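Any read-out appearing in this document is the output of simple, stated calculations on the displayed coordinates, not a laboratory observation. Being a predicted model, the structure only gives us computed values, none of them experimental. As a convention, Cβ positions derive from the backbone with ideal geometry for all residues, glycine included, and neighbour counts pool all protein chains shown.
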Amino acid sequence: MDTSRRRFLRELGTAAVGVGCLPLLDPARWLQEAAPVDATPSTTQWAMIIDLDKCRRNDVREACMSACRREHNVPRVPDPEEAIDWIWTEEYQHAFPDQVHARTAVAWREAPVLVLCNHCTNPPCVKVCPTKATWKRETDGIVMMDMHRCIGCRYCMAACPYGARSFNWRDPRPFVERDAGDKPLSEYPTRAAGVVEKCTFCSERVRTGRPPACVEAANAVSGAEGALTFGDVTDPESDVSRILQSEPTICRRVSLGTGPNVYYRVSRAPAPATDREGA
Amino acid sequence: MTMLIAVGLVTALFLVGMLGAAAGLQWVFGVALPYLAVGMFVIGLAARVLRWANVPVPFRIPTTCGQQRSLAWIRPQRLENPPDTPSVIGRMALEILGFRSLLRNTKTVMIDGRRLTYATDLALWAGAIVMHWAMLIALIRHLRLMTNPVPGFVTLVERFDGFFEVGMPVIYLTSVAFLGALAYLLYRRLAIPEVRYISLVGDYFPLFLLLAIGGSGFWLRHVTTTDIASVKALVLGLTHFAPTVPASISPLFFGHLFLVSVLLAYFPFSKLLHMPGVFLSPTRNLANTTRISRHVNPWDYPVKVHTYAEYEDELRDKMIGAGLPVEKD
Amino acid sequence: MRDRTGIILGLGAFLLILAYPVWQALGSTADPARPALQRSVDPSGCVEDTTYMVARHQDLLNTWRTDVVRDGRRFYPATSGKEYEMSLTGTCMGCHTDSQAFCERCHAYADVTITCWSCHVAPEGL
Amino acid sequence: MATFDEPGYYDPDELVQIQRHPPVTPWMETPVDFRPGTFIYPGKPKNLHVLGLPHPHEWAVTDADWKLPQGWQQIILDGMAERLSRYRSFQLFMDICVRCGACADKCHFFIGSGDPKNMPVLRAELLRSIYRKDFTALGKVFGKLAGGRPLTEDVIKEWFYYFYQCTECRRCSVFCPYGIDTAEITMMGRELLGLLGLYVNWVIEPVANCYRFGNHLGIQPHGMVDTLEFMAGDIEEATGITVDLPINKKGAEILFFTPSGDFVADPGIYTCMAYMLLFHELGIDYTWSTYASDGGNFGLFTSHETMKRLNAKIYAEAKRLGVKWILGGECGHMWRVVHQYMNTMNGPADFLEVPTSPVTGTVFEHARSAKTVHIMEFLADVIKHGKLPLDPARNDHIRVTFHDSCNPARGMGILEEPRYVLRNVCNHFYEMPENTIREQTFCCGGGAGLGTDENMEMRLRGGLPRGNAVRYVQERYGVNQLAAMCAIDRATLVTVCDYWAPGVNVTGISELVANATVFRGEKRRTHNLRLEPIPGMADELADADAVLETRGEVGAHA
Amino acid sequence: MDGLTRVLRNRQHAIVERWCQDALAVYSSRAALVFAREQDQFANPIGHSLRTGTRAVFEALLDGADDERIRRALDDILRTRAIQQLAPSAAVEFLFHLKDVIRQELGSASNEAVCSHDLTEFMRRIDHAVLMAFDVYVAYRERLCELRINEVKRTIPWSVGRRKTG
């Protein structure tokens, strides 16, 4: 690996020869930054399966959303217009508009569904980004965000059919949850005003072999084990592959061809209305 | 040929600065020569401007580029033909800040081979104004290395200049603009035949000098980064008259600094004097008021004239013959 | 020669403005020398040697950022052969625990604005 | 062997290699090519004697030896040093040119000839190279490398050729970012040549005449009386009006002067006649002067000192005659002198009063100190107040365009006054293209003492840009007359138009005013001041009668 | 002749362009480049007249136009050249260059359809145009003399002239 240090020494040498200021830009330097070092794409594609039924429980969804907020210092901006959501709840009819019809039961129609970034196989948000601040990581299929690069143009928000992206209209720090010592709950960097953010499948956790925070939180709720399943969809032995092979699952707006990697188990009918009211 | 001489000179100077420092002469290139250069700049510039100031302006000769102030119902063009001091200040401001005269270049353009319109020929104006403004802003930015604490306006300028936050460290707009505009000015000096024909070594040299200064500065910031805090310690040592030469400064920086020293020292002996000179040009900085108030020529001296008496003496008979009145019969 | 006074005043004003760094220095009590930095709490030394770190830490951080965020790599093989986790808050600030005393002091001196701490959570102070 | 018309005669590759461009030599190594028709003859010693100028001698431009005086190099260098210490313009313009080339294609001589030394920047470099060599530190040490060159006889010849190929029109100065004025450079160059006794006769003889007789043509007092009387005769023939001829009249309100070219040469004489008629009509108490019978001042083209010596007579004569203020006719360089130099050189004119129009009562505040008013300012004011009965239809056969003369445009700024007057006396007025008028106007090619037939080729090269613009409006709008308020224009643009835009006549503005004025007591106007029949008025007398009757003009003032 | 005319007409743009550059060569190379570069009709009347003039002459030759039209086409160029620092031969020489240019253009086309007889005929037209250019040039030189005389006449004091006639 060509380390920065070696480059530093090499450049010093170049400069000493005196042609230092002729090539004003070192193309290798920029090229290196733009192109991934590991050119062979990995076959990994992280995916998630959400059990629609288990996630109708308020405490399960709340556990997921809360874990996410704490993990990533996601701010709770009071103005709903400016809310920042990585994982949140939609009504079934909005989450799956092509699954509802005139005779869909009201209970189904209004049932709460946990939604997040789909980490699409063919992500439209990536295509529109002018600075490549968002890109699909070839090593594991996560649709990543590089906050350092985001210029806040919000093209990606317009391109995403799932509304999975939020824009920081203001400095989020005052809205980040703090502990008793007035420190944020996580070391995860907060964001700055003027950038777009979204779910990253907890790439920093996944890197160290841990499941995403929401998955961990949901499975920790008693009776909700298996509400969220996370795994490599290209590995036939993984839990997600196994479930996808054996049970009926659906995806959000498949007809758009984005290839979502968040799946929903639809094994059972909706629960009685009482449950629904709590949604 | 003249261009090659200039390129050779600048390259040699850069190498002298860099290799000299690499060879352990940091005190010479980091302290002695900068002091000497600043001294030459200040004394040379002051001497030249004082020489100009001591040369009188015997006549009021503004080049008028618009309607004069005459009859009350005709609107004067004050900024093109200033009738008073505030208008002169306006005219000079336009000239110095906006390069008004270069903007005057117009070309006729024939549309459909029939209709005649005018287009402004912007290239030279744009190249010149971008180069000069970028240089001024870059100079202000450099104050961060010369002042401690750094005044707010310097940080403000840096922030606006690096607004797009491209690159790390941020690439300043003016760095790119400065080098681009210089490159254009060089290009036109080479590409336009009449300009190439009139160009002297003294025209190429400052161009290449500025290009090399800008280029090495860019390189130092973005490619071979040097320890900027040490550079600042060096510079502050100079301004505090307590010079120190920190160890960890790249020789490249001394090349950069030496070229700046050369520029400062060369300034008062070169065409770069147009900087103070533009303020003093009598065709621009005088109001067109010779008929309104008398301009005095300080060295005016009496001249031999042919007086009326001499005239009449020679022609008296003819005047009387033609029935013209005469003073003496 | 009314204008001679004006020209001399103008020249004087120009030179005075130009000499701003000098008269600021004359009237200033601030130390012109580079500020002392907080030393690492870990005596075993930094990721790379000091000369390199002083001049090029921003490059190193830049490379780390790219490696981690874009390429998903985690460890940096240092010249010494040792591997470090590429983490600003974890690795760097683990030793240099005070961003004020370590980063800000020098950056204020060189007037280089750091934007790291507007997102990254510094161990000391936020 | 293949013949010329057979294929294979030409080798295409060989053809491509033909280099027809003459080899490029750096300008310092390109000597002057004196070709008849491009330079003016030397000043005759007798004229230098009249003025007491140094080193009068006989020489010829085409001679190898110009018989320069002993120690001529020192004379030049001393002269330069003196001027560098006296004229900030000169010192500054030597120092600050950056050779950006903005001026290069602005000079009419460069446009018309393509000679690189006609670029204003290079014209100045002719002097600047000597300045660098002998007056700057870098030049003394590095010589040619710093753009310096030694002062040789060839340099003097080059100066002579190119400084008498500049009309001091100041067009380049408009475009220069530092306002570097080639007119200043040329004036210095000519002064330096003068130190060696080198003048052109077409300038120095008028100067000698003017010095002695009051006007450039050397018209003596009785000759001037004759001239004006002849004009009065023609005026009477054209209009039936008898005008007064106040000459050297003490106690008159206004002293009037105009360039002497208008006393003698067609078409200037018609402008001169127009002045007399208009003053008569307006009932102005004015006087001509024989001593100060020329407002023009070829001293401007000789040296500052000579300019002052010639100009002195105007205020002196105003004082002697006891007039209240001074009115100047249509002229170009005269107004540069009167506007920018006269008050400084020969003022203060505190014995005069602030000019006030006797016709309208308007006080000419902008001439408060110099007490001299331009005829166009005066007439514009009169017309604005409706004091002149005008019938612009009398000029309907004329389609006129206006040529801004260099000096009034760029050394004064009198742009709107003449246009206002023109629009009021002509129904068909067309402007030439925008970058050829107002402050961007092109010179006629004959200014600054170049308006002689000796250098006609050079003048026509310089006149090409102007002629080309005239031809444009001629072809586009049918323009058949060019109005110019400058005597040199009226002399040289005739030739320029005849060559580049045949069919366009040249006229003064006052002439058009007089032709459009319905004078008190005029007879039936069938002919204009040129005694040419006026279309529609002279064709058939009966028709003309009818027209006049219906307009109620006959007898209106009778 | 038709075949050649057609070929030449097809290549008219290239030929005229090349010829115009060639015609500029009489000026010092600095001036030539300026005249060639600047497109402005008023800032560069010489380049303008040369561009329009060469095109007009070539078209007239193609059409086998009468003397009058060729003369008219040549007018602007020679009017300018008559007052410039050029020998008379240098002033009209540019027409001969048209032959070279055509040879070059046809040579690179190696068009068999071009009959050498036609080419001879076209070259003869060019020769004829040279003669006419000489006429025009001389006419303008004469005009120059005439103008000079007129000017001298005008500067004879007007009153003197009047006195003689009247």
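Observations on the structure shown:
- Overall form of region A:46-277 per C-alpha gyration tensor (a/c, 1.5; a/b vs b/c): rounded
- Remark: mean inter-chain Cβ contacts per residue of B:10-17 equal 1, using a 10 Å Cβ-Cβ cutoff to other protein chain atoms.
- Using C-alpha pairs below 8 Å separated by at least 6 residues, the relative contact order for region D:27-204 is 33 percent.
- Length-normalised contact order of region D:65-158 in % [C-alpha pairs under 8 Å, at least 6 apart]: 17
- Partner chain coverage, peptide E:83-91 - average Cβ within 10 angstrom: 4
- Beta bridges per DSSP with both ends in region D:215-384, % antiparallel, nearest 5: 10
- Full extension of the chain between D:GLU434 and D:TYR477 gives 14.0 nm of extra length, using 0.36 nm per residue less the Cα-Cα distance.
- Region D:50-90: trypsin sites (Lys or Arg not before Pro) falling in loop per DSSP and having at most 16 other Cβ within 10 Å: D:LYS67
- Potential lengthening between B:TYR35 and B:HIS132 on full extension [0.36 nm per residue; Cα-Cα distance subtracted]: 32.4 nm
- When both bridge partners sit in the protein assembly as shown, DSSP labels roughly 60% of those beta bridges antiparallel.
- Trypsin sites (Lys or Arg not before Pro) within region D:246-313: DSSP coil, no more than 15 neighbouring Cβ in 10 Å: D:LYS250
- Here the relative contact order of chain B, from alpha carbon pairs under 8 Å that lie six or more residues apart, stands at 33 percent.
- For region D:364-402, the set of trypsin sites (Lys or Arg not before Pro) satisfying both a DSSP loop assignment and a count of at most 16 other C-beta atoms within 10 Å is given as D:ARG368, D:LYS387.
- Overall, the anisotropy analysis places chain D in the oblate class: the square-rooted eigenvalues a ≥ b ≥ c of its C-alpha gyration tensor yield a/c not less than 1.5, with a/b not exceeding b/c.
- If the segment from A:ASN122 to A:ALA105 were pulled out straight at 0.36 nm per residue, it would be longer than the present Cα-Cα gap by 2.9 nm.
- Chain C: most fluctuating residue of C:VAL69, C:VAL41, C:VAL22 per GNM, C-alpha cutoff 10 Å: C:VAL22
- Modelled spin-label separation between C:ILE17 and B:THR11, with each label point placed 7 Å from Cα along the Cα-to-Cβ direction: 3.8 nm.
- Helix B:85-98 and the longest principal axis of the Cα set of chain B meet at an angle near 40°.
- For region A:62-76, backbone nitrogen atoms closer than 13 Å to the point 7 Å from A:ASP179 Cα along Cα-to-C-beta are found at A:71.
- Calculated from backbone phi, Karplus (6.51, -1.76, 1.60) coupling profile of region A:86-94 in Hz, x at Gly/Pro: 9, 9, 8, 10, 10, 6, 3, 5, 8
- Region D:41-102 and region A:106-154 have Cα centres spaced 81 Å apart.
- Net charge dipole size for chain B [Lys, Arg +1 and Asp, Glu -1 on Cβ; Debye, nearest 20]: 580
- Taking a ≥ b ≥ c as the square roots of the eigenvalues of the alpha-carbon gyration tensor, region D:215-384 is classed oblate because a/c is 1.5 or more while a/b is no larger than b/c.
- Once the Cα atoms are used to define both axes, helix D:304-321 deviates from the longest principal axis of chain D by about 20 degrees.
- Relative packing of A:110-119, D:116-125, B:134-143, which averages over residues the other C-beta atoms within 10 Å, highest first: D:116-125, A:110-119, B:134-143
- Charge tally around D:PRO206: other residues with Cβ under 15 Å, Lys/Arg +1 each, Asp/Glu -1 each, net +1.
- With R₀ fixed at 22 Å, the C-beta to C-beta distance from B:LEU156 to B:LEU97 puts the FRET efficiency at about 0.70.
- Cβ-defined net charge surrounding B:VAL235, 12 Å radius [Lys, Arg +1; Asp, Glu -1]: +3
- Here the calculated FRET efficiency for B:LEU4 and C:THR115, from their Cβ-Cβ distance with R0 = 51 Å, stands at 0.70, rounded to the nearest 0.05.
- Acute angle (nearest 10 degrees) that the helix C:2-18 long axis makes with the longest principal axis of chain C, alpha-carbon atoms: 20
- Stretch in chain B that is longest and holds no chymotrypsin sites (Phe, Trp or Tyr not before Pro) that DSSP places in a loop and that have at most 11 other beta carbons within 10 Å: B:74-162
- Cut-off of 10 Å, at most 12 other beta carbons, DSSP loop: longest stretch of chain C lacking such trypsin sites (Lys or Arg not before Pro): C:83-126
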